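Computed from the coordinates by the stated procedures, all read-outs in this text should not be read as laboratory data. Please read these numbers as outputs of a predicted model, since none were measured by experiment. All Cβ positions, even for glycine, are placed from backbone atoms using ideal geometry, and neighbour counts span all protein chains on display.
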Amino acid sequence: MKILNIISGLEKGGAETIMYNLIKNDKNEHIVISLSKSGYFKKLLIENNNKLFLFNTSNFINFIYTYFCIIIISIKIKPDLIQTWLYKADFMGSLVSLITKYKLFWSLHHSKPSTKLIGIKAKVAFKCLSIFSFFFPEKIICCGNSVKKFHSNIGFHKKKLLTIYNGYSPEIFNTKTNDKYTKLLNLNNRIVLGSITRWDKYKDFKTLFKSLNLLDKKFSNWTLLLAGRGLNEHNTDLINLLYQYDYKEKVILMGIVDDIENLYKAFDINLLISNAEAFPNVISESMLSGIPCIASDVGDNKMIISDLGLTVKINDEMDLSDKILNFINKLKDEHYKQKLKILCRKRIQENFSLLSMIKNYNKVWDDR
């Protein structure tokens with residue numbers, strides 16, 4: 001089967017990672033069209049010998065030009081179906097299928113954000129896509145239950161919505177010993193809190209730093225590793241925040257890390273503090289690596305973590321601080337720590353495997 005994938009961009013994000021892992025491990029032939037010209041996964045897709053087309057859709061004229069180019073490409077390629085990833089690509093794919101009549105499948109990776117964080121453009125986009133959902137896609141694949149519920153509530157075609165959980169490789173994310181970052185960053189004899197995320201309005205760094213300020217009064221032997229897009233020395237807003245809380249020496253900014261599977265091994269606890277999430281990869285990746293998580297109670301976080309970690313209230317630094325301290329004390333028991341490591345890994349292997357995700361995508365495509 002020949003599948004034409006259209007995606008909004010190739011930066012290192014959740015949906016982009018899932019698309020790449022699916023393409024890399026799937027038996028079908030995959031062609032990729034990106035609606036932006038650069039990104040982390042560009043090189044990886046080329047190395048994987050995928051046919052790749054890159055476009056600039058930063059303005060209306062470029063968007064229209066790209067639209068006609070994709071129509072020409074799809075007619076030449078003659079795919080069995082079109083699979084789109086993220087809203088912009090879902091919109092573009094719908095317009096393309098209108099002309100080409102190829103079967104279309106959307107993939108949704110966003111859950112309900114705080115209402116104060118939704119702008120006018122987003123509201124208009126949601127409305128347009130909710131109308132499109134009745135006419136263009138065969139099925140609308142949601143990466144989590146919270147994603148399906150959110151889009152159902154805002155008017156997307158309920159009968160077309162289905163959930164396929166994100167899947168992860170137990171070979172890449174494992175519990176084998178690797179002290180690369182522990183040695184590199186001199187982290188021995190410290191509790192290492194880690195957060196692999198990005199600088200984004202939905203990520204709640206202020207609550208995180210406020211909670212660490214409270215934690216510091218009861219337990220001070222900690223280091224926080226921040227990794228991801230925008231989490232580097234060039235981010236003046238983040239640097240100012242660190243100076244505000246006097247954490248310049250206790251927080252290490254890693255930026256984008258290529259081997260996050262090794263970085264997880266330096267963590268004692270993985271933190272994901274947000275105002276909105278869908279089905280975040282970092283929780284499952286961390287748990288596959290044997291690292292427990294504390295995350296905001298948004299999206300599918302609580303369902304993924306189950307009783308093997310903790311969720312906290314949104315914007316509640318006291319709740320977060322108390323639960324970090326509680327977890328630190330529990331992890332002092334080596335027997336508990338090792339048992340938790342095994343159970344965390346087992347939960348992801350049994351419920352959110354990469355092979356299961358690929359099988360489910362193929363089932364939806366085959367039933368078209």
(request) Counting only C-alpha contacts under 8 Å and six or more residues apart, can you give the relative contact order of the chain as a whole percent? (result) 15
(message) How would Asp258, Asp26 line up from fewest to most surrounding beta-carbon atoms within 10 angstrom?
(response) Asp258, Asp26
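Which whole number in µm²/s is D for the chain by Stokes-Einstein, with the Kirkwood Rh taken over Cα pairs at 20 °C and 1.002 mPa s?
After rounding, the answer is 100 µm²/s.
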(message) If you consider only alpha-carbon coordinates, what radius of gyration and Dmax does the stretch 180-351 have, in Å?
(response) 14.8, 43
(message) Under 5 Å between amide hydrogens, which residues at least 5 positions from Asn5 or on another chain qualify, with H placed 1.01 Å from N in the peptide plane?
(response) Ile31, Val32, Ile33, Gln83
(message) Placing +1 on the Cβ of each Lys and Arg and -1 on the Cβ of each Asp and Glu in the stretch 28-153, which of Phe105, Tyr87, Thr66 has its Cα farthest towards the positive end of the resulting dipole?
(response) Tyr87
(request) Report, to the nearest 10°, how far helix 14-25 tilts away from the longest principal axis of the Cα atoms in the chain, using its own Cα long axis and a range of 0 to 90°. (result) 70
(message) If neighbour count is taken as other Cβ atoms inside 10 Å, put Phe55, Phe219, Phe173 in order from fewest to most.
(response) Phe219, Phe55, Phe173
(request) Using R₀ = 30 Å, calculate the FRET efficiency as 1/(1 + (r/R₀)^6) where r is the Cβ-Cβ separation of Leu331 and Lys248; round to 0.05. (result) 0.70
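Using Cβ contacts closer than 10 Å as the measure, can you line up His30, His234, His151, His157 from fewest to most?
Lowest to highest Cβ neighbour count: His234, His157, His30, His151.
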(message) Quick check of the Kirkwood formula: for the stretch 113-244, what is the inverse mean of 1/r over all pairs of different Cα atoms, in Å?
(response) 18.9
(message) At 0.36 nm per residue, and after removing the present C-alpha to C-alpha distance, how many nm does the segment from Glu29 to Met1 gain when stretched out fully?
(response) 9.5 nm
(request) Please work out how much length the chain gains when fully extended from Leu162 to Asn213, using 0.36 nm per residue of separation minus the C-alpha to C-alpha distance, in nm with one decimal. (result) 14.2 nm
(request) Select from Lys101, Lys43, Lys76 the residue whose mean-square fluctuation is largest in a Gaussian network model of the chain (Cα-Cα springs shorter than 10 Å). (result) Lys76
(message) Test of understanding: what is the full-extension gain from Ser169 to Lys123, defined as 0.36 nm times their sequence separation minus their Cα-Cα distance?
(response) 13.0 nm
(request) Kindly provide the helix-only [θ] at 222 nm of the chain, computed as the sum of -39,500 (n - 2.57) over DSSP H runs of four or more divided by all residues, to the nearest 500 deg cm²/dmol? (result) -13500 deg cm²/dmol
(message) About the Cα centre, and with charges only on the beta carbon of Lys, Arg (+1) and Asp, Glu (-1), how big is the dipole of the chain? Nearest 20 debye, please.
(response) 820
(message) Only four residue types carry charge here, +1 at the Cβ of Lys and Arg and -1 at the Cβ of Asp and Glu. Report the dipole size of the stretch 234-368 about the Cα centre in Debye, rounded to the nearest 20.
(response) 540
(request) Count neighbours as other Cβ atoms within 10 Å of each site's Cβ, and list the GluC sites (Glu not before Pro) in the stretch 187-271 that are DSSP loop with at most 11 such neighbours. (result) Glu233, Glu249
(request) Set the Förster distance to 41 Å, then compute FRET efficiency between Ile75 and Ile239 from the Cβ-Cβ distance, nearest 0.05. (result) 0.25
